[in-house]
Amino acid sequence: MAQGALERPAARTASPRRRLVPERLLSPLILAPSVIALFVFVYGFIGLTFWVSLSNWKTPKRDLSLIQPLWETYHRLFTTTRFQIDIRNSIIFTIFFLIGSVGVGLLLAIALDQAIPARGLIRNVFLFPYALSFVVTGVAWRWIFNPDSGITLLMDHLGVNWLLARFGTGPIRVDWLISPRVLGDIPMPDAVKAQIGIPVALIPVIIAAVWQLSGFAMAMYLAGLGTISNDIREAAALDGASLYRTYRDIIIPLLKPITISVLIILGHISLKIFDLVFAMSGKGPGFATDVPGIFVFEQTFGANKYNLGAAASIVMLALIAVVIVPYLARSLREVER
Amino acid sequence: MSSRSPFTSRYSRRQIAKTAAAAAVGGVVLGGVSFPHAFAQATPAAGEAELEIFSWWTTAGEAAGLEELFKAFTASNPGVKIVNAAVAGGAGSNAQAALQTRLSANQPPDSWQSHPGAELKARYVDPGYTVAIDDLYTEQDWDSVFPEGVINLITIDGQKQLVPVGVHRGNVMFYNKDLLSKNGIEVSDDWTMDDYFKAADTLKAAGVPALALGSKDTFAVVQLFENTLLAALGPDDFTKVWTGEVGWDDDRVTTAIENLAKYFDSVNSDHAALTWDGAADEVYAGKAAFTSMGDWLYGDATAKGKQDSIGWVNHPGTGGSFVAVIDGFTMPKGAPHPVNAKNWLITCGSKEAQTAFAPHKGAIPARSDADASGFNDYMKWSAAAFGKDAVVPSLAHGSAASPQFQSSVNDAIVSFIVDLDVETFQQALVDAQADAQ
Amino acid sequence: MSAVLRPLSSRPRRRLTGRRIILAAVLAIAILFYLMPMYVMVVSGLKDATDVSIDQMWSLPKSLSAGGFAEAWRQLSPNLGQSFLLVIPATIISSLLGAINGYLFSKWRFRGSEVIFALVLFGMFIPYQSILIPLVQFLNKIGLYGSIPGLIVVHVVYGIPITTLIFRNYFANIPYEIVEAARIDGAGLWQIFRQIMLPLSLPAFVVVGIFQFTNIWNEFLFGLTIITNPRQQPVTVALNNLSGSFSVSWNVVMAGAVIAALPTLIIYVLLGRFFIRGMLAGSMKG
């Protein structure tokens, strides 16, 4: 396809070519506008936000003078119980969300890898949620997890609760979303005032997020599975490996680069998460579903403590950088081979 | 390695092109169908043909009240298109985000809704987003028409910065009339907290939660707190606690917090899932007896046709005090349509507009000379109280303390709802006061 | 070539083994779970105002009518138009930018270009709340605040990292020999792009186009804070307004949610398989 697609340029321009700009400068020149724009919009603004986090600006009236001592705002941030809870929630959410999305995505991709009818249609069903906005789905999931209707009602309709009543146990009532309970309590030094465990109210949010984004993981894995040539599979079959062993020992390890990509992309989405939680539950009872994204929003626009909001966003950025920078460094090194 | 991508070998280029073209055409058609609407609103007309009003009045009663103001404005300013820039969601937090970014970018609307007092000062006056309207007051002779308590609240640093439209009462307890009579409970304006708790015990024994609370709206709990605080401190010291003359570590504050915790002995079990109007629905339906809410609840009840099922009384222990939640509109600096903006304020301050606005919203007009003949029963009671009670500002609605302090109290309340820990909460209040200095 | 895509168990025999029963059951449960929220939305949207309430959420509508769709369309159609006005130019521009940048980063490297690429890529990961205030003030300074063009610029700029990444990875799979051969023939940078790279890059354009369309269409925070006039805001913001406002009933809100989701859903139905094939062609790997 490439052969013959290139028209001989000789008829169009004379050679040797006289260029306005030496060719080796063309590339950086064309890239310049994008790079400059990004430097302003990303690094410039981050720099400004960082400055604000070190400033005295805590009322609607702008005050960019530096606070003394410099670390005061950050110190206050980390000793605020609410922010400690936010960090806990962010980590718990990210861990379970990633496990859920990757796990479910991989399972669905493997299931779809088998010969089944209407594969395209089924695949679209799993991919649909990814097309929706968090605002849209947040409302629906809020209904589903409402303690008096939602799943409880579904159990009623399906007769499950009737069955349970016959057995003498109480009906299934899913009130996770309004429960301030935290499962578990890992002992921590005194400075940590938040209860370190899994907030029950976060579980519905995790389920909603996995529902929405596992399709993306599935799509990535489907693409990856498609590139695994049949020779490998047939060789494994010839060697007598069962389907299960083939997947476990050969195919899944081959998908490792995809797993890493999925973890990076979904990981940073989950650390930044805002819309879904905001639409579904807000900060939750006792801050059970509060996340740094909501904290930043409220401190900036609600409390007008701009320096505190800025400090929290810098912390969010640092959390993300901890995950991303090693990945960037690694792919940088890979290219320099 | 072959340079043919596996993709293009499986589908001929024509197939791909056709599908892409179909998708593009589909997109254009769908866009085109909604295009005329988009274009119709996309470019705002230049000059004074428009008036953009910003608020977060989106519930049934609020929206109706706003409509009345619009109608009054159009009556005296025909030909001006009113843009209702109301933003819903997040109990006003979405609206605050939108408004503040606009203001910081020097792109104000022609007016926006605000409460007087601390919020007005901290958010709008100090950063210089508003223009003083003393001249307007003199011109319209408003100094003689608004009660002194109201004028005090809208005057910041000696200058008038707000045109008040409606006055809500914040220390009201609404109740389901049937439930109370069935259980033999009587209330009166001078009832105390002890009277309330006795009634709560009776109701609890009868299997009905005494209080319907919608704690998803944090401000509902803050209101409950400040009304209980008012009962413990009385109006004079209540005003002093915001300025620091009375300390947050006062014993009476402790009593108030203990009472706050006691409410939860008999409260609806799903309060964490309900907003304030969801809790109100429970009272209308007789599933709970009392609910503590500002009197916009009456507007909500009217919009739902339930106003006959409820009765009202001031919060236990707060007889003689009127927690004023005042809604007003500002004059922005650099308003896009200054003439219309001024006329809007004139409309807002006019007798006709305020009289039409008030019943929908459940408020009483801010003007003391408003036509009381059309007042419904609730408004009559509220207006009478407003005329003789001590007027105090509200914390939950931004008048009593700065946004910083309010935010700290909000956070402390969220934790308090869960652990009901009196000491921690009181300490948080002390810290918040120190922090806001 | 098509052998690559044949799955393992496409052998002639299709017995109803226990394994296949389990597979079918798992898939059936998964399908039900994935469709559940959309069922709730569609069903609620089709109900009449009196019929819809949270304790009826699972039941089918009592009567067949347009339900809340008529009113939702009335309220949301201006914003739908605004969303199209936003998304289509933004997607086209950011795809083209990504293609050019990706081409340059993969085939026309220079000293330090990898470092610059990493710096560009990092921009993909920042939380938008972190830069909201400086962004708004900067947009205002350059006169782009409060309008759709301003929002387009914002989405284009913040879309540069991901579009560049996808195209760069995609072009990296095209062997450099082709470019080399063209250069020997005397072709220049632009010519190679127009005549070799672009024709080959359709799968990447599809992936990037779908990705950007979805992301920009569904985006909420920028739409809320950069556009101030509610009539001009994207449909996501308008929908949030609708669901936070108590003066509309739930059937309208749910119908509105379905309407707001339709364009992206349609894109996925029509182009979803290309999305996966495009990823297959290497544009999304590592």
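Between A:TRP162 and C:ASP48, the FRET efficiency from the beta-carbon distance, with R0 = 30 Å, is close to 0.55. Summing charges over neighbours of B:ASN314, with a neighbour being any other residue whose Cβ is under 14 Å away from its Cβ, gives -4 when K and R count +1 and D and E count -1. Pop out the carbon and sulfur fraction of the accessible area of chain B as a percent, whole number, probe 1.4 Å. After summing per-atom areas, the C and S share lands at 51 percent. Interface area, chains A and C: about 9900 Å² of buried accessible surface, summed, with a 1.4 Å probe and ligands, DNA and RNA left out.
Accessible surface for the range C:77-282, divided over its residues, is 27 Å² per residue with a 1.4 Å probe. In the range A:131-147, burial by the other protein chains removes 20 Å² or more of 1.4 Å probe accessible surface, compared with the chain on its own, from A:ALA131, A:LEU132, A:SER133, A:VAL135, A:VAL136, A:VAL139, A:ALA140, A:TRP141, A:ARG142, A:TRP143, A:ILE144, A:ASN146.
DSSP bridge analysis restricted to chain B gives an antiparallel fraction near 65%, rounded to the nearest 5. Counting only protein heavy atoms and a probe of 1.4 Å, the accessible surface of the range C:77-282 is 66% carbon and sulfur. Average accessible surface for the range A:84-336: 37 Å² per residue, computed with a 1.4 Å probe over protein heavy atoms with every protein chain in place.
Scaling the Cα radius of gyration of the protein assembly as shown by the globular reference 2.2 N^0.38 Å produces a ratio of 1.00. For the range A:264-337 versus the range C:198-250, the spacing of their alpha-carbon centroids is 21 Å. Using a cutoff of 8 angstrom between alpha carbon atoms and counting only pairs six or more residues apart, the relative contact order for chain C works out to 31 percent. Within straight cross-link reach of A:LYS193, meaning Cα distance under 28 Å, which lysines are found once same-chain residues fewer than 8 apart are removed? Cα-Cα hits under 28 Å: A:LYS58, A:LYS272, A:LYS283, A:LYS305, B:LYS216, B:LYS262.
Count Lys and Arg as plus one, Asp and Glu as minus one, and take only other residues whose Cβ is under 14 Å from that of B:TYR137; the net charge is then -3.
Considering helices alone, the calculated mean residue ellipticity of the protein assembly as shown at 222 nm is -18500 deg cm²/dmol, with DSSP H runs of length four and up weighted by -39500 (n - 2.57) and normalised per residue. Remark: accessible area buried at the C-B interface is about 3800 Å², both chains counted, probe radius 1.4 Å. Considering only A:ILE228, A:ILE95, A:ILE314, the Gaussian network model of chain A with Cα springs below 10 Å gives its largest mean-square fluctuation to A:ILE228.
Between the range A:99-154 and the range B:322-358, the alpha-carbon centres lie 49 Å apart. Look at the dipole of the protein assembly as shown built from charges on Cβ: of A:ILE207, A:SER55, C:LEU189, the Cα furthest out on the positive end belongs to C:LEU189. Using only alpha carbon pairs under 8 Å that are at least six residues apart, calculate the relative contact order of chain B and give it in whole percent. 26 percent. In terms of Cα atoms, the Rg and Dmax of the range B:47-141 work out to 14.3, 38 Å. Need one number: buried accessible surface between chains A and B, 1.4 Å probe, both sides summed, DNA, RNA and ligands left out, in Å² to 100. Counting protein atoms only, the buried area is about 2300 Å². Along each principal axis, taking the top coordinate minus the bottom one, the Cα set of chain A gives 87, 70, 36 Å in descending order. Protection proxy ranking, highest mean first, for peptides B:157-167, A:54-64, C:176-186: B:157-167, A:54-64, C:176-186, where packing is the per-residue count of other beta-carbon atoms within 10 Å, averaged.
Using r as the Cβ-Cβ distance of A:ALA118 and C:GLN195, and R0 as 45 Å, what FRET efficiency do you calculate, to the nearest 0.05? Step by step, r from the Cβ atoms, then E = 0.65.
Surface composition of chain A: carbon and sulfur atoms hold 67% of the protein heavy-atom accessible area at a 1.4 Å probe. Treating chain B as a set of equal point scatterers at the Cα positions, no solvent, please give the Debye-formula log₁₀ I(q)/I(0) at q = 0.06, 0.08, 0.10, 0.13 Å⁻¹. Debye curve over Cα of chain B, log10 I(q)/I(0) at q = 0.06, 0.08, 0.10, 0.13 Å⁻¹: -0.30, -0.50, -0.73, -1.14. Magnitude of the charge dipole for the range A:84-336, about its Cα centre and with charges confined to Cβ atoms of Lys, Arg (+1) and Asp, Glu (-1), is about 140 debye. Need the list of lysines near C:LYS47 for cross-linking: C-alpha distance under 17 angstrom, and skip anything on the same chain fewer than eight residues off. List returned: C:LYS62.
Relative to the longest principal axis of the Cα atoms of chain C, the long axis of helix C:250-278 makes an angle of roughly 30 degrees. Between B:GLU186 and B:LYS204, the modelled labels are 2.5 nm apart [label points 7 Å from Cα along Cα→Cβ]. Straight Cα distances below 13 angstrom link A:LYS61 to the aspartates and glutamates B:GLU119, B:ASP126, with same-chain residues fewer than 8 positions distant left out.
The values are calculated or read from the model by the stated rules, or taken from the named source; none is laboratory data. Quick caveat, the model's predicted, so the values are computed rather than measured. Virtual Cβ from ideal backbone geometry, glycine too; neighbours counted across all protein chains shown. Each accessible area value is taken on the protein alone, full model and side chains, heavy atoms only, with ligands, DNA and RNA left out. Shrake-Rupley method; radii C 1.70, N 1.55, O 1.52, S 1.80 Å.
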